[in-house]
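See structure below.
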Amino acid sequence: MKGFLIASILSTSMLFANGGGAGFDMMQLIPLVLIFVIFYFLILRPQQKKTRAHQEVLKELRRGDRVVTAGGLLGTVDKIINDGEISLEIADNVKVRVVKATVTEVLAKTQPVAETVKTTAAKVAAPKMAKPVSAKPTKAIKKAATKAKAATNSAVKKTASKKPTKKSK
């Protein structure tokens, strides 16, 4: 036992004499920094992007949107109660209140009311007009015109070559 104690004391005193163990080595820190950088780019950053995108979806949620909740409910947003809750219509005259954060996906978006009113007013105010005809005829139009001209010329020649017959009464 005394031999073991003396050996351990001598080995630790030799370590301090050689300069090992007492100082801080910068090379020991580099693998930890690399692990943290890899961890950030592979896990933290994509998760932050996904969270931001989900928050944007929740901000743009409005009445009439078809959504899926985390519990698997499919429904149409009937009413936005407050910042944290919405009312979903999951069947005819069946409405449930759901926490807004549980909406995982928007299946179908509705047009904003302002845009719908503007487009409807524009359609009513401006009647549809025919497209203007371009001044230059296209190749297809020229081809069709020459065919029609040739057909009329041949029809005229056929009628001119026939001699008129007198009909008896």
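Taken together, the values in this text are just the output of simple stated rules run on the coordinates, not laboratory data. The model shown is predicted, which means the values in this text are computed figures rather than measured ones. Here the Cβ is made from the backbone with ideal geometry for all residues, glycine too, and neighbour counts use every protein chain on show.
Applied to the range 47-61, the Karplus parametrisation 6.51 cos²θ - 1.76 cosθ + 1.60 on θ = phi - 60° returns per-residue 3J(HN,Hα) values of 5, 5, 4, 5, 5, 4, 5, 5, 5, 5, 4, 5, 5, 8, 5 Hz, with x for Gly and Pro.
Shown in residue order for the range 79-89 are the 3J(HN,Hα) couplings computed by the Karplus curve 6.51 cos²θ - 1.76 cosθ + 1.60 at θ = phi - 60°: 7, 9, 6, 7, 5, x, 10, 9, 10, 10, 9 Hz (x for Gly and Pro).
For the peptides 32-43, 63-74, 91-102, what is the packing order when you average, over each peptide's residues, the other Cβ atoms within 10 Å and list the highest mean first?
Values: 32-43: 10.1, 63-74: 14.3, 91-102: 12.2.
Ranking, from highest mean packing down: 63-74, 91-102, 32-43.
Proximity of backbone amide H atoms, modeled 1.01 Å from N, is registered between residue 110 and 65 at under 5 Å, excluding neighbours fewer than 5 places apart on the same chain.
With a Förster radius of 22 Å applied to the C-beta separation of residue 51 and residue 85, the computed FRET efficiency comes to 0.65.
For residue 104, the residues 5 or more places off, or on other chains, whose built amide H falls under 5 Å of its own are 68, 69, 70. Taking amide H positions as modeled 1.01 Å from N, with prolines and chain starts lacking one, the residues under 5 Å from residue 75 and 5 or more places away or on another chain are 67.
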